[in-house]
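> Below is the structure I would like to discuss, written out as structure tokens.
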Amino acid sequence: MNHIYNFSAGPAVLPKAVLEQARDELVDWHGSGMSVMEMSHRGKEFMGIAAQMEADLRELMGIPANYKVLFLQGGASSQFAMVPMNLLRGKAGMDYLNTGEWSKKAIKEAKRYGSVNVVASSEDKNFNYAPAQDAWKLDPNAAFVHYTPNETIGGVEIFWTPKTGNVPLVADMSSTILSRPIDVSQFGLIYAGAQKNIGPAGLTIVIVRDDLIGQTVAGTPTMFDYKTHVDNDSMYNTPPTYAMYIAGLVFQLLKREGGLAEMEKRNIAKADLLYGYLDATDFYASPVARDNRSRMNIPFTLKDAALDEAFLKGAKEHGLLQLKGHRSVGGMRASIYNAMPIEGVAALVNYMKAFEQKNG
Ligand code: PLP
């Protein structure tokens, strides 16, 4: 049996060490006689887990004191609505960058709450690049500027931080968070579904500057108001306790392994290995503009799409799982989040080479 490497875009592979620790602690957490799943979220055991987890995330990302960190449910998709509900603050319009499928979903939802100005779009080239900042038409009176630094489906990543002056910058970091250091102080709000680099699905993290909280649009449900969760330390209702616990184990592991600077180094090495091969052959191709090639999600095509099925079948036989591209774009996609070791990328490249030799 080959070693199994899982290239899923999400829910994605978790570090083996974390799964093993969770297994060991599953039934009786630290002699408490309870599984974390069975603990009251208001009990001292779980309150301790939650506090440690938040402290570790703050340390890893260097989150300034004037930012609140919220642990919510509802997925990043709920944030597509919660962001405008909370951040519109009486203004008429919002700025959005459109770089692909996730941007489009965020834009569609925001339009329910006010007018959306699309500052720039890469739809003209099938979303295979990100427009440079000098092409953005920013509205100085916008309530905020929203962008998607990593489009999980298209594999388009923006490695620079947009400059938006006094207008708060909002980022859907679902598939890039924790993959490299970022300067949180440049953002008004960051959100992410957990199921890529953080932990299991069910947890959504929101990092929000405190002056932006508490000015929701009329009719905002209690659960959709960030202030509700700020005032109750994310315990207004039952938070996703087990997912938070696993995320906490991931944060501790990342700290032990050298933090986000080390993750970035590893992620660059992994991405270079795969892109290097894609560039060295004409049997496979990367559709994404060089400056925007994602380090997390790497779509690629075979010269002859008729071979796609045989490629996927052979990959599976070699223990290389979930390489099929998103249904909206076809081809292949290798998602290589933090938990994918470089050995997994090397195994993929070796398989790709062998497949090319046989079919090229
Ligand atoms: N935004 C991005 C960039 C994503 O990759 C995803 C999903 O994978 C989402 C939003 C939606 O997240 P969720 O499924 O947590 O709602």
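What follows draws every value from the coordinates through simple rules; no lab data is involved. Here the structure is a predicted model, which is why all the values come from computation and not from measurement. All Cβ positions, even for glycine, are placed from backbone atoms using ideal geometry, and neighbour counts span all protein chains on display.
> Tell me the trypsin sites (Lys or Arg not before Pro) within the range 163-269 that lie in a loop according to DSSP and have at most 16 other beta-carbon atoms within 10 Å.
When the trypsin sites (Lys or Arg not before Pro) of the range 163-269 are filtered for loop state and at most 16 Cβ neighbours within 10 Å, K163 remain.
> If you don't mind, another one. Give, in nm to one decimal, the length gained when the segment between R256 and D28 is fully stretched (0.36 nm per residue of separation minus the Cα-Cα distance).
That pair, R256 and D28, stretches by 79.7 nm at full extension.
> For E309, E59, E151, what ranking results if the residue with the fewest other Cβ atoms within 10 Å of its Cβ goes first?
E309, E59, E151
> Under 1.5 on a/c is rounded, so check that first for the chain, then, if it is not, pick prolate when a/b is larger than b/c and oblate when it is not; a ≥ b ≥ c are the square roots of the alpha carbon gyration tensor eigenvalues.
It comes out oblate by the Cα gyration axes.
> List the lysines whose Cα sits under 22 Å from the Cα of K44, skipping any in the same chain fewer than 8 residues away.
Here the lysines satisfying the reach criterion relative to K44 are K68.
> Once the Cβ-Cβ distance between K125 and E317 is put in as r, and R0 is 41 Å, what FRET efficiency do you end up with, to the nearest 0.05?
Efficiency at R0 = 41 Å is approximately 0.70.
> Right, another one. What is the packing order of peptides 228-236, 41-49, taking the mean over residues of other C-beta atoms within 10 Å and listing the highest first?
228-236, 41-49
> Oh, and also: Residues in the range 339-360 near a label at A306, defined as backbone nitrogen under 16 Å from the 7 Å Cα→Cβ point?
359-360
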